[in-house]
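First up is the structure itself, then whatever we jot down about it.
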Amino acid sequence: MNIAKEQLDDLNAVIRLSIQNDDYESRVNTVLKDYRKKVNMPGFRPGKVPAGLVKQMYGKAVLVDEINKLVSENLSKFITENELNILGEPLPSESQKTIDFDKSNDFEFAFDVALAPELEVKLTKREKITYYQIDITDDMMDGYKKNLTSRFGKTEPREEAGENSILKGEFTQLDKDGKALDGGITAKDSMLSLAVLKDEKVKALFIGAKVGDVVTVDPKTAFPNETELSYLLKITKEQAEEVTGNFSFSIQEITEYIDPELNQELFDQLFGPGVVNNEEEFNNKVKEDLERTHQMESDYKFSIDAKKKLMEKLEVALPEEFLKRWLKATNQNEEQVTDEQIEKEMPRFLDDLKWQLIRNEIVKSNDLKIENEEVVNFAKKSARMQFMQYGLNSIPDDYLDNYVADMLQKEDQQRTYAEGAINDKVMAFIKEAIKLETKEVSREEFNTLFEEE
């Protein structure tokens with residue numbers, strides 16, 4: 001067997017394999033002998049079917065299968081031994097000649113391969129990237145504490161409605177004379193929170209009202225948002241858009257939410273027994289949680305900016321035509337991908353690939369490696385962020401440890417967490433290598449940075 005690489009340009013090459021009869025004959029004969037032992041055919045005892053008949057029936061299929069195995073094995077071996085850094089996978093060459101397995105004993109195969117470009121990533125203190133830190137304000141602290149403790153509060157009945165009361169009652173649509181509209185909208189057991197009412201004139205209609213009172217209100221003035229209005233009146237958003245005029249609201253119940261008392265029982269419920277023992281420690285714990293959350297957000301923003309800076313700094317040439325062919329070939333088994341779809345997705349795909357090449361070069365040239373502990377820590381960080389999305393901001397460490405241990409039993413999750421851990425390590429390396437300019441910003445300013453992207 002002969003195998004060689006023909007370099008077309010810096011990014012494209014063809015690997016050619018020529019296979020002779022001696023390369024595959026013994027393999028084919030071994031397989032056919034095994035077939036002969038197993039094949040059942042009328043008129044012959046098991047294992048006694050003539051070898052020529054077995055070859056006539058199965059010879060071509062076995063030949064094709066064994067040659068394909070030879071090609072695959074030797075192609076992979078050649079790429080590995082020659083340390084070819086290829087992109088995607090080899091594709092049958094566009095210059096490949098038709099193979100005639102019936103008439104030929106010698107076969108030639110050609111595969112197009114795309115080669116990753118040579119990169120050199122130099123990072124110095126001359127490179128500057130801003131690291132945005134979110135300023136923790138008193139309002140932010142108060143909001144976080146309220147969110148944290150709210151599930152341990154309680155509601156108490158009230159005789160009359162106040163600024164923060166929750167009213168339960170029945171909405172009835174009225175006609176222009178102020179009477180119940182025949183066939184109009186009726187919503188029973190609706191819950192109306194005065195704390196969320198933005199219109200002060202509407203809110204004033206309810207302040208001081210008692211159970212049994214009936215208040216006339218234009219709900220669209222109170223709730224101009226169709227989603228809120230549809231929830232309040234128990235109708236669809238489309239119906240909410242068409243609502244006009246006044247409704248009566250008959251008050252059946254008045255309650256008010258009472259914040260829980262900051263005491264040891266609450267601290268133990270929030271953080272576990274003995275973790276927090278007084279209000280000062282509670283405030284410190286809240287600030288610590290906020291700082292950790294904000295650092296995750298700041299790190300995420302930094303990762304976006306670092307990728308952008310390095311990709312702008314380094315010109316990374318890629319074999320785009322090959323990659324388009326490869327994307328189309330690898331998606332054949334799924335819903336048919338059109339050339340138009342590939343063209344549309346290509347810019348983002350190329351950006352992702354460029355970053356992957358830059359990242360891999362940083363890892364290789366600086367011998368960056370991750371330990372199992374780093375994978376576990378990344379898994380904990382990811383899990384914590386996931387829980388926070390559901391409002392669970394203080395997950396006990398033992399629960400988090402058990403959750404992560406279960407997740408790491410899954411092979412696909414292991415790969416995902418390992419990939420995340422190496423990304424974190426690369427970003428930590430970049431932080432040390434360049435000049436980091438820390439800038440403190442408000443939450444609003446930080447959010448605006450993403451809107452500008």
Residue count, the range 192-205 (criterion: more than 24 Å from residue 239 (Cα to Cα) and in contact with a Phe, Trp or Tyr (Cβ under 8 Å, 6 or more places away or on another chain)): 0
Residue list for the range 425-441, restricted to those being over 21 Å from residue 367 (Cα atoms) and either of a type in the set (Lys, Arg) or open to solvent by less than 50 Å² (accessible area, probe 1.4 Å) (or both): 435, 439, 441
Residue that is farthest from residue 412 (Cα to Cα), among those in the range 339-387 that are out of contact with any helix residue (DSSP H, G or I) (no Cβ under 9 Å at 6 or more places or on another chain) and open to solvent by less than 50 Å² (accessible area, probe 1.4 Å): 361
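From 127, 160, which residue is in contact (Cβ under 8 Å) with a residue 60 or more places away in the chain and in contact with a Gly (Cβ under 6 Å, 6 or more places away or on another chain)?
After applying the criteria, what remains is 160.
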Count of residues meeting criterion [open to solvent by 30 Å² or more (accessible area, probe 1.4 Å) and modelled with pLDDT of 90 or more] in the range 188-199: 4
Options 287, 308; residue that is without any contact (Cβ under 8 Å) to a residue 12 or more places away in the chain and either surrounded by 18 or more Cβ atoms within 10 Å (Cβ to Cβ) or closer than 29 Å to residue 424 by Cβ (or both): 308
Of all residues making up the range 7-24, the number that are open to solvent by 80 Å² or more (accessible area, probe 1.4 Å) and not in a helix (DSSP H, G or I): 4
Condition check for residue 241: open to solvent by 90 Å² or more (accessible area, probe 1.4 Å), under 30 Å from residue 144 (Cβ atoms) and without any contact (Cβ under 8 Å) to a residue 40 or more places away in the chain: no
Considering residues of the range 25-45 that are open to solvent by 90 Å² or more (accessible area, probe 1.4 Å) and not in a helix (DSSP H, G or I) only, the residue nearest to residue 70 (Cα to Cα): 40
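Enumerate the strands (runs of 3 or more DSSP E) found wholly within the range 91-189, keeping only those where 1 or more residues are aromatic (Phe, Trp, Tyr). Reasoning before the result, please.
Working: elements: 107-115, 128-134, 154-157, 165-173.
The strands (runs of 3 or more DSSP E) meeting that bar are 107-115, 128-134, 165-173.
Look through the range 218-237, keep the residues that are free of Cβ contacts under 8 Å to residues at least 60 places away in the same chain and in contact with a Ser or Thr (Cβ under 8 Å, 6 or more places away or on another chain), and return whichever of them is least open to solvent (accessible area, probe 1.4 Å).
230
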Whichever residue in the range 52-74 is at pLDDT 85 or above and crowded, with 17+ Cβ neighbours inside 10 Å and, among such residues, is farthest from residue 36 (Cα to Cα): 74
Any pair with Cβ under 6 angstrom, 6 or more apart, that starts in the range 406-425 at a residue that is more than 13 Å from residue 303 (Cβ to Cβ) and among the polar types (S, T, N, Q) and ends at one that is part of a helix (DSSP H, G or I) and open to solvent by less than 60 Å² (accessible area, probe 1.4 Å): 413/407
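Sort out which residues of the range 210-232 are within 36 Å of the chain's Cα centre (by Cα) and within 13 Å of residue 172 (Cα to Cα), and write them in order of number.
Correct list: 232 only.
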Helices (runs of 4 or more DSSP H) contained in the range 275-385 and holding at least 2 residues farther than 30 Å from residue 130 by Cβ and of a type in the set (A, V, I, L, M, F, W, C): 320-330, 339-365
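One line per residue, one yes/no per condition, for (1) under 21 Å from residue 24 (Cβ atoms); (2) basic (Lys, Arg):
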position: 36; (1), (2): yes, yes
position: 40; (1), (2): no, no
position: 45; (1), (2): no, yes
position: 54; (1), (2): yes, no
position: 60; (1), (2): yes, yes
position: 64; (1), (2): yes, no
position: 67; (1), (2): yes, no
position: 71; (1), (2): yes, no
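The values are calculated or read from the model by the stated rules, or taken from the named source; none is laboratory data. As the structure is a prediction and not an experimental result, all values here were calculated from the model. Heads up, the Cβs are rebuilt from the backbone with ideal geometry, glycines too, and the neighbour counts pull from every protein chain shown. For accessibility, only protein heavy atoms count, side chains too; no ligands or nucleic acids. Shrake-Rupley method; radii C 1.70, N 1.55, O 1.52, S 1.80 Å.
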